[in-house]
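Working notes, beginning with the structure itself.
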Amino acid sequence: MEFPILSLMLAVPLVAAIACLFLNASSARMVALFATLIDLALGILLWLNYDIGGAQWQFTERAQLFAGFQYALGIDGIALMLIMLSVFLMPICILASWDSITKRVGEYMAAFLLMEVLMIGVFAAQDLFLFYIFFEAGLIPMYLIIGVWGGDNRIYASYKFFLYTLLGSVLMLIAMLWMVNEAGTSDIPTLMQYDFPVGAQLWLWLAFFASFAVKMPMWPVHTWLPDAHVQAPTAGSVILAGVLLKLGGYGFIRFSLPMFPDASADLAWLVFALSMVAVIYTSLVALVQQDMKKLIAYSSVAHMAIVTVGLFAFNVQGLEGAMMVMLGHGLVSGALFLCVGVIYDRLHTREIARYGGLSINMPKYALFFLLFTMASVGLPGTSNFVGEFLALAGIYEVSTFVTLVCTTGIILGAAYMLYLFRRVAFGEQKNADAAAMTDLNAREWAMLAPIAAAVLWMGVYPESFLAPMRQDIAALETRLASVAPRYDSALDEGTPRENAANYVEYEGHEEGEH
Amino acid sequence: MNSILFIVFLPLLAAVVAGLVNKSAPSVFAKSITTGALFISCALSWPIFLSFVNGSAEASVVPVLTWVQSGALSFDWALRVDTLTAVMLVVITTVSALVHLYSWGYMEEDPDQPRFFAYLSLFTFAMLMLVTADNLVQMFFGWEGVGLASYLLIGFWFKKPSANAAAIKAFVVNRVGDLGFMLGIFGTFWVFGTVSIPEILEAAPGMSGATIGFLGLRVYTMDVLCILLFIGAMGKSAQLGLHTWLPDAMEGPTPVSALIHAATMVTAGVFMVCRLSPMFETAPVALGIVTFIGAATCIFAATVGTTQWDIKRVIAYSTCSQLGYMFFAAGVGAYGAAMFHLFTHAFFKALLFLGAGSVIHAMHHEQDMRYYGNLRKHIPFTFWAMMAGTLAITGVGIYHLGAGFAGFWSKDAILEVAYGRGTELGNFAFWMGTLAALLTSFYSWRLMFLTFWGKPRWIESEHIQHSVHKTPEEAGEDTTGGYHPHESPLSMLIPLGVLSVGAVLAGQVFAPTFLDDAAFWGQSIFYNEDLIHRMHAVPYLVKYAAFIVMLIGLFVAWLAYIKDTSIPGKAAEQLGPVYRFFYNKWYFDELYHYLFVVPAFWLGRQFWKLGDVGTIDRFGPNGVAWVIEKGSVGAKKFQTGYLYSYALVMLLGLVAAVTWVLF
């Protein structure tokens, strides 16, 4: 048996979380930072030891518990990347809460560390029920983070968040029970190969869809997100946008697509329709927002729609693109929420109109903000471009119409993000208090610089991130190949024309020579 | 040939260093390293170009780094150097180096100089990545990179609301074009299985008869792909419909206008069509559209240019119009001529912009030509430089002498080839081009006469009033207001001098190479030898057409702005509606505002207030909460604890049950 590194990654934050409950504020901060950094180090170790092209499931751990329920962990390349995203963002979240959280610091840090346990767990779980527990338990710390340390309207937001997400999960649990009964196992890798009856797939798919669509979130079940983001503390927003929103996409790629391929193909139209509406609708809503966090929250919905169309393109480009958008969006929207947090900490308002001209007094901040804005817009050379480009290229094979509608997102995205940047960082310094704000301090710099580096790395050399996932995506594509939809852009080669379009014959009497 | 690595990456390095150091070092540091990097790039570029001219160089590709591999879709970072790239290299690095130098003088008093120079170098890097691209996606990288730099530089004076609006407009309008470009790349990938440009060009003729589904229609594959890509070109090169951002882009500092919005970035669309010319030659409908849009833009922009007062806007519309020439040249198959006009235009248009900058510098930031006049005596060097540029753009030259300024060679070639093409669209382009040449001559000389001739009208300008602390009344008879325009510093005059040489000689020297030398172009563009023979065989009247209309334009301008200055006012009055139509730029901005901007914000608010809040939340979570709340109130009533109410319910139930059983 190899070294149980995944269990260790779960244990470290769990122990630290318990410790934090009994510590005073400053030691709780140190313990939390230390624990998350250890997990980051373990994560890097995990990545370095991950054998690209090796077995599909690596670092597996199995322990039988009661009633067929097993403690089973293991990761493939997709899970590895999402775990990396989680452990990378976690220390940054702790840093982001360093000064701004002053009440119940120990409990706060414990909630975050518990969150980390559950997030790693959800990506590493190899047992259906273990997955369900991690998946649903993640609600609790987030609910507390919003409900206890959130803004003025935190109770409404936290209930809305809880209601929406719970609704979907009940249906998912019923579907899971049926599946285990039918297949006789709760082992996820086995279930991914199991062929469920086509008739049942439809219902199972819909039950899972109810849960994942809310988590994603897809239109029209997205309205919990703006409220949750607005009310959550900065670090809560970062985790929400960075990791929790990826659970929906992960669910699709891990469950819906491989386990119910026929239903996925049959209902792809539904996903496309909702995604197309989401791109146009939420982008336009983002355009008119006056609250920074709301604007970025709505932009997240539009970006996640690109993920869903990419996933349901059923080809390598679409799937890899969707994964890259998830990773890129996790970094970039997380960073954008941090950027909001930096100025919120100084002025205690999220109202865009209260700022302006920040390039003058906060040039370093403006540079980071610009970089993340451009990444969000999908400028080539940044992480989001690679993902969006691949996902949209993938969907082109299936439907040119869906591609056309979803690609308008690059126009609308540019409009609302640049409009935001202009109102915050450009223009005259209208407000004296905003003009008096100081530039980034060392702690804030240490939060934003690593993300900036990762965003550029992912944009210039995405091979580091694509390579571990390649084999798993290829396997998924093979599984989906038989049901992949017929494309509307089918090519008929015809007979080539004889001449070039501007073919002319020269008759040969020149009147003059130049 | 690895000097290309230095040519491309030195500007990037300089930009990063200058940008990060920013104000922590004296601004001369940022200025020196960026300008130095550009002069080195320029010095390395010319030998490459000349080796292609004398035929000693061959096309090559320098791989840099893996970029993306996703199934069959893979593309790398690589630098391609062939004839077409070499032409662009010298244009970009030369103009950029000169603009860097010019900015030492022009931006001298600006507190944000390091940022400015970093942006300029960043732009140059992105533009170089664009022209050295070996695959469509790297071209798109450069495409977006120059868009970013353009956005940052238009909005460089970010305190001005107008500059911010113009910057956003430029980016967003370009994104509309990028939508087409991206769809074009996707389609090309699925048709050819690759995004590598050489592979696509090789396979394209085999697809010339292919059809494909697009938005539910059955269309010719190559036509739809080329049209999509051309939409991208229209955005970047400000062609009719997507041109609205270019005039507004003049909000940026003048050196930026010269580099980005005249000489280099806006020609990227022309470059793209030429780069993909073997592909476009398989798409007759797409080429027809290119020709038509080019010709239409050419005449549209020229009409607007005749009525503007802002010196930079006149030149901006002129740029738009000249790009139209390049496009219809490409549309009729004369890619060499299109590239030649791109090449000469870069010199004389950069010269005109930098000259205008020198005038603006001399006139205390005043840009309105109504307040100029008589400046040739005060800033003679600038005057002669502008003169060279004007002679070049109006195409002064005599065919039988075989002598002329730069624009003469390239513009005449384009008009001749359009005529020689012998199709209806070709003739349309020829007539539009000739008419536009007349207007070009008119507005160019109008600019010269208003600026450099006549009496000084300076005191009317608010900028001058601020400078001399006088009102027009106080100045009385002295319309100069006692203001003394000064010639610009040497750092600004040297670029003007160098570009003047280019404006005078670039056509004369390189015409045989660009137009007639099939070996020079090699495989880098589609070279149509028969068409070039036809171009040379057009009637003499066609060959002299441009020269004749130039004289007419000059004469009218002289009549209206020197002989009798009351004519323009009367003409504007007589031609009221037409004048206003031209003066208001054919009302494109207003149209788009009410067609796109207003509805977008309105829809956004409706979706938010009526959709999210009014419907989804109301009937979703809030609705559920309401139902539960009301439901529990109702449920509470069932548990009153009073015996009689329980008895009543039991009785009712009994009656109901009995009724149900009996009937």
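The values are calculated or read from the model by the stated rules, or taken from the named source; none is laboratory data. Computed from a prediction, not measured in an experiment: that's the story for all the values here. Glycine gets a Cβ as well: all are built from the backbone with ideal geometry, and neighbour counts include every protein chain shown. The area values use the complete protein model at the heavy-atom level, side chains included, leaving out ligands, DNA and RNA. Shrake-Rupley method; radii C 1.70, N 1.55, O 1.52, S 1.80 Å.
Numbers at a glance
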item: Some residue of region B:143-150 being of a type in the set (F, W, Y), under 16 Å from B:V195 (Cα atoms), within 13 Å of another protein chain (Cβ to nearest Cβ) and within 15 Å of the chain's Cα centre (by Cα); result: yes
item: Helices (runs of 4 or more DSSP H) wholly inside region B:414-478 containing at least 3 residues that are over 30 Å from B:E366 (Cα atoms); result: B:424-452
item: From B:G105, B:G55, residue being touching a residue at least 12 places away in the same chain (Cβ under 8 Å), surrounded by fewer than 24 Cβ atoms within 10 Å (Cβ to Cβ), part of a helix (DSSP H, G or I) and not aromatic (F, W, Y); result: B:G105
item: Complete set of residues in region B:273-287 that are among the β-branched types (V, I, T) and within 10 Å of another protein chain (Cβ to nearest Cβ); result: B:T282, B:V285
item: Selected residue (only one of B:I260, B:I289 is open to solvent by 20 Å² or more (accessible area, probe 1.4 Å), under 24 Å from A:I411 (Cα atoms) and under 24 Å from the mean Cα position of the chain (by Cα)); result: B:I289
item: Residue check, B:R618 within 14 Å of another protein chain (Cβ to nearest Cβ) and farther than 25 Å from A:T165 by Cβ; result: no
item: Single match in B:A43, B:A86 (criterion: of a type in the set (G, A, S), open to solvent by 60 Å² or more (accessible area, probe 1.4 Å) and assigned to a helix (DSSP H, G or I)); result: B:A43
item: Residue list for region B:524-538, filter: within 27 Å of the chain's Cα centre (by Cα) and either more than 8 Å from every other protein chain (Cβ to nearest Cβ) or surrounded by fewer than 19 Cβ atoms within 10 Å (Cβ to Cβ) (or both); result: B:S524, B:I525, B:Y527
item: Total residues in region B:183-224, condition polar (S, T, N, Q), in contact with a Ser or Thr (Cβ under 7 Å, 6 or more places away or on another chain) and open to solvent by less than 20 Å² (accessible area, probe 1.4 Å); result: 2
item: Test for B:F452: is it in contact with a helix residue (DSSP H, G or I) (Cβ under 6 Å, 6 or more places away or on another chain), surrounded by 24 or more Cβ atoms within 10 Å (Cβ to Cβ) and either among the small types (G, A, S) or more than 14 Å from every other protein chain (Cβ to nearest Cβ) (or both); result: no
item: Matching residues, region B:126-141, being open to solvent by 10 Å² or more (accessible area, probe 1.4 Å) and within 11 Å of chain A (Cβ to nearest Cβ); result: B:F141
item: From B:L496, B:L541, residue being in a helix (DSSP H, G or I) and open to solvent by 10 Å² or more (accessible area, probe 1.4 Å); result: B:L541
item: Enumeration of residues in region A:375-406 that are facing chain B (nearest Cβ under 7 Å) and either farther than 17 Å from A:V316 by Cα or touching a Ser or Thr at 6+ places or on another chain (Cβ under 6 Å) (or both); result: A:L379, A:P380, A:G381, A:L390, A:L392, A:Y396, A:T400, A:F401, A:L404
item: Residue ID - farthest from B:I212 (Cα to Cα), chosen from residues in region B:151-172 that are open to solvent by 10 Å² or more (accessible area, probe 1.4 Å) and more than 9 Å from chain A (Cβ to nearest Cβ); result: B:W157
item: Subset of region B:17-33 that is open to solvent by 50 Å² or more (accessible area, probe 1.4 Å) and within 12 Å of chain A (Cβ to nearest Cβ) - its residue that is farthest from A:L367 (Cα to Cα); result: B:S24
item: Condition broken by B:E144, with the remaining ones in (1) over 30 Å from A:E428 (Cα atoms); (2) surrounded by 23 or more Cβ atoms within 10 Å (Cβ to Cβ); (3) free of Cβ contacts under 8 Å to residues at least 60 places away in the same chain satisfied; result: (1)
item: Evaluation of B:W309 against (1) surrounded by fewer than 24 Cβ atoms within 10 Å (Cβ to Cβ); (2) out of contact with any strand residue (DSSP E or B) (no Cβ under 9 Å at 6 or more places or on another chain) (one fails), failing number; result: (2)
item: Condition check for B:G180: free of Cβ contacts under 8 Å to residues at least 24 places away in the same chain and either part of a helix (DSSP H, G or I) or open to solvent by 30 Å² or more (accessible area, probe 1.4 Å) (or both); result: no
item: Verdict on A:F372 being within 30 Å of A:E320 (Cα to Cα), more than 13 Å from every other protein chain (Cβ to nearest Cβ) and crowded, with 19+ Cβ neighbours inside 10 Å; result: yes
item: Test: residue in region B:632-644 that is exposed (fewer than 12 other Cβ atoms within 10 Å of the Cβ), within 39 Å of the chain's Cα centre (by Cα), part of a helix (DSSP H, G or I) and at pLDDT below 85; result: no
item: Candidate set from region A:482-493 (those that are touching a residue at least 60 places away in the same chain (Cβ under 8 Å) and either open to solvent by 40 Å² or more (accessible area, probe 1.4 Å) or more than 22 Å from A:Y250 (Cα to Cα) (or both)); member that is farthest from the other protein chains (Cβ to nearest Cβ); result: A:S482
item: Candidates A:E428, A:E444, A:E463 - the one that is within 28 Å of A:M374 (Cα to Cα), open to solvent by less than 60 Å² (accessible area, probe 1.4 Å) and within 13 Å of chain B (Cβ to nearest Cβ); result: A:E463
item: Residues of region A:157-205 classified as aromatic (F, W, Y), open to solvent by less than 80 Å² (accessible area, probe 1.4 Å) and part of a helix (DSSP H, G or I), total; result: 4
item: Candidate set from region A:312-368 (those that are part of a loop (DSSP other than H, G, I, E, B) and either open to solvent by less than 10 Å² (accessible area, probe 1.4 Å) or within 14 Å of chain B (Cβ to nearest Cβ) (or both)); member that is nearest to B:N22 (Cα to Cα); result: A:M362
item: Residue among A:A278, A:A286, A:A302 that alone is in contact (Cβ under 8 Å) with a residue 40 or more places away in the chain, aliphatic (A, V, I, L, M), crowded, with 24+ Cβ neighbours inside 10 Å and in contact with a Leu (Cβ under 6 Å, 6 or more places away or on another chain); result: A:A286
item: Pick from region A:56-87, criterion aliphatic (A, V, I, L, M) and open to solvent by 60 Å² or more (accessible area, probe 1.4 Å), ranking: modelled with the highest pLDDT; result: A:L65
item: Number of the exception - B:T307 against (1) of a type in the set (S, T, Y); (2) touching a Phe, Trp or Tyr at 6+ places or on another chain (Cβ under 8 Å); (3) in a helix (DSSP H, G or I); result: (3)
